[in-house]
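Before any comments, here is the structure.
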Amino acid sequence: MVGAQAVKGSNTIEWGGRVALWGVIPLWRAAPPPNTILALRKPTPSDCWPFSGSTGEVIIEVPQYAQVHSISVEHIRPDTAQSAPKDFIVYGILENGTWTKATDGTYRYNKPAKQYYSLDNSAPLKRIVFRVLSNHGNQQYTCVYRVHLYSDSNT
């Protein structure tokens, strides 16, 4: 969705973090930011948002309330990537702050790189949480290449 922004969840530790002068003055990011997952360009190796371990989440905020009916999850090489997300849950955050489960899914390594999942959601949403529960075996980090949202206004 145009204008969407992504931020890491509160219990998620970014892989690589930031490089800082004397440990205080930030110089540059050593890893791409969470917004990388929303990019419309074709993913290339390392063009992902990495986080430590096999569990983590990203919160996607859209510019206005939208009826989001599906998402896609994409990885560069699902057949060889142990760092690809595997099991995940998607939550919608309602206007009153209530979290509602929209879907749970499994990203399969033996399917196309871009996989689609329908959301069980009837309310307009402004924030969506993509929570990774496991990856395909990498114990150090998980790499999320693309997560795209689809609504009737952007199909």
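Brief remarks follow.
- Unique match (being among the hydrophobic types (A, V, I, L, M, F, W, C), at pLDDT 95 or above and in contact with a Ser or Thr (Cβ under 6 Å, 6 or more places away or on another chain)) among Val129, Val90, Val147: Val90
- Any hit, the range 8-24, residues being among the aliphatic types (A, V, I, L, M), open to solvent by 50 Å² or more (accessible area, probe 1.4 Å), assigned to a loop (DSSP other than H, G, I, E, B) and modelled with pLDDT under 95: yes
- Subset tally (residues that are open to solvent by 20 Å² or more (accessible area, probe 1.4 Å) and either acidic (Asp, Glu) or more than 14 Å from the chain's Cα centre (by Cα) (or both)) for the range 87-99: 7
- Residue match in the range 72-79 (condition: closer than 18 Å to Lys42 by Cβ and open to solvent by 70 Å² or more (accessible area, probe 1.4 Å)): yes
- Residue among Ala102, Ala84 that is open to solvent by less than 30 Å² (accessible area, probe 1.4 Å) and in contact with a Leu (Cβ under 7 Å, 6 or more places away or on another chain): Ala102
- Verdict on Ile60 being touching a Phe, Trp or Tyr at 6+ places or on another chain (Cβ under 6 Å), closer than 23 Å to Gly3 by Cβ, open to solvent by less than 20 Å² (accessible area, probe 1.4 Å) and not in a loop (DSSP other than H, G, I, E, B): no
- Members of the range 105-155 that are open to solvent by 80 Å² or more (accessible area, probe 1.4 Å), more than 20 Å from Gly9 (Cβ to Cβ) and in a loop (DSSP other than H, G, I, E, B): Arg108, Tyr109, Asn110, Lys111, Pro112, Asp120, Ser122, Asp152, Ser153, Thr155
The values are calculated or read from the model by the stated rules, or taken from the named source; none is laboratory data. Keep in mind it's a predicted model, so treat the numbers as computed, not measured. In this analysis, Cβ positions are derived from the backbone assuming ideal geometry, glycine residues included, and neighbour counts consider all displayed protein chains. Remember, those area values only see protein heavy atoms, side chains included, never the ligands or the DNA or RNA. Shrake-Rupley method; radii C 1.70, N 1.55, O 1.52, S 1.80 Å.
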